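**Student:** Just passing along the structure, written as structure tokens.
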Amino acid sequence: MTEQGPELEIVHLLRKVTSAFGLRQAEFAARHGMHPTDVRALVCLLDAERAGSGVTAGRLGAELGLNSAGTTSLIDRLERLGHLTRTRDERDRRRVLLRVTPQAVELGWAAFGPAIGSAVALLREFDEGEAAAVRRFLEGFLAAVSGDGGAGAGGRAGTTDGTGSTGRAETPRRAGTAR
């Protein structure tokens, strides 16, 4: 067995963080009559909204890896629960866009707001270089686990515009902003 270095310790710590967050998401879903994929869908829709882009059923299904029937079932369920609405795109009336309701946003903030607030407060203690290092590591690791390749030393794998944005709705980032 090889000795675990500080780099591998950080990777394992990130795995613990993602596991703990995943458990909280699953508990949230169960408490509110949802499936864990429903929570992922809401996060995808919120990320797209922050990025200023609309999401259709087709795009949501593609983001979540669902077929058409599974996507329709998910959307119907979330609409029935009052967590999303379907609205016609003002620019193209043929398109139907999905939006998270204020009720769903409130539920999410009640459950995840304290953890998000703690993370933001911690990041505000970091200087610009530390925050940039955290961002670079997370972007590179996201690219590696997303199948987009890995970021080498100083690399920005998976990015398209130099800001860290991959162009996908679930990972929009702007320099200097916290999520």
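**Student:** If you take the Cα Rg of region 94-142 and divide it by 2.2 N^0.38 Å, with N the number of residues, what do you get?
**Tutor:** Cα Rg divided by the expected 2.2 N^0.38 Å: 1.66.
**Student:** Next question, about the same structure. Working out 0.36 nm times the residue gap between E7 and I116, then minus their Cα-Cα distance, what length gain in nm do you get to one decimal?
**Tutor:** 36.8 nm is the gain from fully extending E7 to I116.
**Student:** Specify the inter-centroid distance of region 80-113 and region 1-36, based on alpha-carbon positions, in whole Å.
**Tutor:** Their Cα centres are 27 Å away from one another.
**Student:** Across region 44-93, what fraction of all alpha-carbon pairs, as a whole percent, falls in each successive 5 Å bin from zero upward?
**Tutor:** 4, 20, 27, 29, 17, 3
**Student:** Okay, moving on. Each label point is 7 Å from the Cα along the Cα-to-Cβ direction; what then is the distance between the points at T87 and A26, in nm?
**Tutor:** Inter-label distance under the simple model: 3.5 nm.
**Student:** R95: net charge of surrounding residues, Cβ under 12 Å, Lys/Arg +1, Asp/Glu -1, itself excluded?
**Tutor:** Surrounding charge for R95 is +3.
**Student:** Then there's this: What would the Debye equation give as log₁₀ I(q)/I(0) for region 1-146 at q = 0.16 Å⁻¹, counting only Cα atoms as equal point scatterers?
**Tutor:** With one equal scatterer per Cα and no solvent, log10 I(q)/I(0) is -1.02.
**Student:** Give the residue from S73, L14, A110 lying farthest towards the positive end of the charge dipole for region 1-130; charges sit on Cβ (+1 for Lys and Arg, -1 for Asp and Glu) and the dipole is referred to the Cα centre.
**Tutor:** Final value for the positive-end residue is S73.
Just so you know, all these numbers are worked out from the coordinates, no wet-lab data involved. Since this is a predicted model, take the numbers as computed values, not measurements. Glycine also receives a Cβ, built like all others from the backbone with ideal geometry; neighbour counts cover every protein chain displayed.
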